[in-house]
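Student: Shown below is the structure under consideration.
The values are calculated or read from the model by the stated rules, or taken from the named source; none is laboratory data. Since the structure is predicted, the reported quantities are computational estimates derived from the model, not experimental observations. Cβ placement follows ideal geometry from the backbone for every residue including glycine, while neighbour counts extend to all protein chains displayed.
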Amino acid sequence: MTSTPPRSESTAGAETVLVVDDEVLIRMVISEYLRDCGYKVIEAANADEAILLLQQEELTIDVVFTDIEMPGSMDGWGLSRWIRANRQGLHVILVGSPAHAANAAGELCESGPMLSKPYEPQAVLDRIKRLLAERHK
Amino acid sequence: MAASTLAERPGLEPEKLSVLVVEDEVLLRVMMADELRSNGLSVIEAANADEALTVLRSSAPVDLLFTDIRMPGSMDGLALAALMRAIKPELKIIVASGQSPRSLSRDIADEFFDKPYNAATVVKRITELLATLEK
């Protein structure tokens, strides 16, 4: 269900990633990882916030990294369709689970400003799992 | 004399100090988070009090809570501040509001700002409060 595209021209040289996730702990860890990779990261808690950010002309956004399942008026697929219609050419990465998110973020790191991963995606996933487990205690 | 800036506290590394920004207006939240990060601080962003509580109840370190008052969700910023003051008194708290919070007591927060606020002024106060941390 994920569309983690192979490294492509569209991510080469990309600087700013918009991370969209309604689960704050996952958004926090993925965003921190991408910042550690040298990206500038902007965070949105849902599709509506993401669209508002994408409509700001002064904000340069190169890649949208979004969760698929989100409550609200639009999920990740809906956001992806909106982008296709309104911001053609913008690279979208859809992720369906924390494991997919960690792996996709790792791949993004390898095509990012540092061209390498500061640490393995498994460490990112372990941190997400640990934080989510605390939540359900 | 107490240190008033982070520069006077060489043992405190800004990137190891964490600020939780709680604001439902995404453009304002992004702007504040950006301003704080460009000052070298580590920032966690929450879109409402419920997200903030999730972060504060986790093991993610937070040294200072900067929260808006009026937000949708199960709790507003004032209730969040009061709750955190009760359960984590060492947490520094700054509250921002569109309505002048005259009736609010210092027991709830270390500082209040009226909205709209000047980001640079808020960041300065945040770094001053962080410099007083016992670390």
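Student: Restricting region A:45-62 to residues that are touching a Leu at 6+ places or on another chain (Cβ under 8 Å) and facing chain B (nearest Cβ under 9 Å), which is nearest to residue B:35 (Cα to Cα)?
Tutor: Checking each candidate, the answer is A:59.
Student: Quick one: which helices (runs of 4 or more DSSP H) sit completely within region A:42-112 and have at least 3 residues that are of a type in the set (Gly, Ala, Ser) and either under 12 Å from the mean Cα position of the chain (by Cα) or modelled with pLDDT of 95 or more (or both)?
Tutor: In region A:42-112, the matching helices (runs of 4 or more DSSP H) lie at A:76-86, A:98-110.
Student: Also, quick follow-up: Filter region B:1-56 down to residues that are modelled with pLDDT under 95 and under 23 Å from residue A:136 (Cα atoms), then give me how many there are.
Tutor: The number of residues fulfilling the criteria is 0.
Student: With the requirement that a residue be within 13 Å of residue A:99 (Cβ to Cβ) and within 14 Å of chain B (Cβ to nearest Cβ), what does region A:125-137 give you?
Tutor: Matches in region A:125-137: A:126, A:127, A:128, A:129, A:132.
Student: Any idea which of A:126, A:75 is closer than 14 Å to residue A:19 by Cα and of a type outside the set (S, T, N, Q)?
Tutor: Exactly one of A:126, A:75 is closer than 14 Å to residue A:19 by Cα and of a type outside the set (S, T, N, Q), namely A:75.
Student: Also: Please state which one of A:26, A:42, A:128 is farther than 22 Å from residue B:34 by Cβ and surrounded by 20 or more Cβ atoms within 10 Å (Cβ to Cβ).
Tutor: Sole residue among the options that is farther than 22 Å from residue B:34 by Cβ and surrounded by 20 or more Cβ atoms within 10 Å (Cβ to Cβ): A:128.
Student: In region B:83-100, what count of residues is obtained for those that are surrounded by fewer than 19 Cβ atoms within 10 Å (Cβ to Cβ) and of a type in the set (A, V, I, L, M, F, W, C)?
Tutor: So the answer is 4.
Student: Only residues that are farther than 17 Å from residue B:29 by Cα and of a type in the set (Asp, Glu): list them for region B:65-96, please.
Tutor: Matches in region B:65-96: B:90 only.
Student: Quick one: which residue in B:108, B:93 is more than 14 Å from chain A (Cβ to nearest Cβ), in a loop (DSSP other than H, G, I, E, B) and over 25 Å from residue A:21 (Cα atoms)?
Tutor: From the options B:108, B:93, the qualifying one is B:108.
Student: While we're here: Let me confirm something: among B:43, B:30, B:26, B:22, which residue is within 18 Å of residue B:133 (Cβ to Cβ) and either within 14 Å of chain A (Cβ to nearest Cβ) or touching a Leu at 6+ places or on another chain (Cβ under 7 Å) (or both)?
Tutor: Of the residues listed, the single one that is within 18 Å of residue B:133 (Cβ to Cβ) and either within 14 Å of chain A (Cβ to nearest Cβ) or touching a Leu at 6+ places or on another chain (Cβ under 7 Å) (or both) is B:43.
Student: Something else now. Would you check which residues across region B:29-39 are within 12 Å of residue A:42 (Cα to Cα) and in contact (Cβ under 8 Å) with a residue 24 or more places away in the chain and list them?
Tutor: Across region B:29-39, the qualifying residues are B:31, B:32.
Student: While we're here: Test residue B:63 against the criterion of being more than 14 Å from chain A (Cβ to nearest Cβ) and either touching a Ser or Thr at 6+ places or on another chain (Cβ under 7 Å) or of a type in the set (Lys, Arg) (or both), and give yes or no.
Tutor: On the way: more than 14 Å from chain A (Cβ to nearest Cβ): yes; either touching a Ser or Thr at 6+ places or on another chain (Cβ under 7 Å) or of a type in the set (Lys, Arg) (or both): yes.
The answer is yes for residue B:63.
Student: May I pose another question? Would you check if there is a residue in region B:12-23 being touching a Gly at 6+ places or on another chain (Cβ under 6 Å) and crowded, with 22+ Cβ neighbours inside 10 Å? Step through it out loud before you land on a result.
Tutor: Step one: of region B:12-23, the residues touching a Gly at 6+ places or on another chain (Cβ under 6 Å) are B:14-15.
Still in the running and crowded, with 22+ Cβ neighbours inside 10 Å: none.
Within region B:12-23, not a single residue is touching a Gly at 6+ places or on another chain (Cβ under 6 Å) and crowded, with 22+ Cβ neighbours inside 10 Å.
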